[in-house]
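Presented below is the structure to which this report refers.
The values are calculated or read from the model by the stated rules, or taken from the named source; none is laboratory data. None of the values given here were measured: they were computed from a predicted structure. When we count neighbours, we look across all protein chains shown, and the Cβ atoms used for this are built from the backbone with ideal geometry, even at glycine. Accessible surface is based on the protein model in full, side chains and every heavy atom, while ligands, DNA and RNA are left aside. Shrake-Rupley method; radii C 1.70, N 1.55, O 1.52, S 1.80 Å.
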Amino acid sequence: MLVTVWVLVGLVAGMTGVGIGFMALKQARAVVDECQELLSRRTSEGKGDLKAIRDVAVCQYDALEEMAGRMSFSIAMINGLGDGIVLTSINGRSETRTYVRPVVSGKGEQPLSPEEEHAVRAARLGHGPMVEARVPRW
């Protein structure tokens, strides 16, 4: 009886490991596809001023439950090296807050919100200027 329990536990653990492996493989393939798209875009555009802002994406969303109409936004402005800024405006009923965060090599120097990361990724991949927010607000 004890051997049967251990066999079942091992089977469940093995199947869980296989499932996790498939999920990791799917995520890795998505990242590789994004990188290949970015590299092909960079090489097809030829030479130019890599420090000039050339990739822009705007992500509009509802940041606060009290405000609807997608009045909040994040704008990523990135150069050919992946450096630039993300400008974010959070709009509420009585006030608006605006933030700017530096981006270096496609990553925020400070932690970026999901919407800011989405705008940076969309700009780097050339999906701008307007992109849909895919991340739900908390």
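This table checks each residue for (1) among the polar types (S, T, N, Q); (2) farther than 17 Å from LEU50 by Cβ; (3) without any contact (Cβ under 8 Å) to a residue 24 or more places away in the chain.
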| site | (1), (2), (3) |
| --- | --- |
| MET71 | no, yes, yes |
| ILE75 | no, yes, no |
| ILE78 | no, no, no |
| THR88 | yes, yes, no |
| THR96 | yes, yes, yes |
| VAL103 | no, no, no |
| GLY106 | no, no, no |
| GLN110 | yes, yes, yes |
| SER113 | yes, yes, no |
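Scanning the stretch 92-114 for residues that are crowded, with 18+ Cβ neighbours inside 10 Å and not in a loop (DSSP other than H, G, I, E, B) returns ARG101, VAL103. Under the condition of being open to solvent by 50 Å² or more (accessible area, probe 1.4 Å) and assigned to a strand (DSSP E or B), the residues counted in the stretch 73-91 number 4.
Being within 16 Å of VAL100 (Cα to Cα) and at pLDDT below 80 is the filter here, so list the residues in the stretch 30-62 that pass it.
We begin by selecting, within the stretch 30-62, every residue within 16 Å of VAL100 (Cα to Cα); these are 53, 56-60.
If the condition is that a residue be within 16 Å of VAL100 (Cα to Cα) and at pLDDT below 80, then no residue fits.
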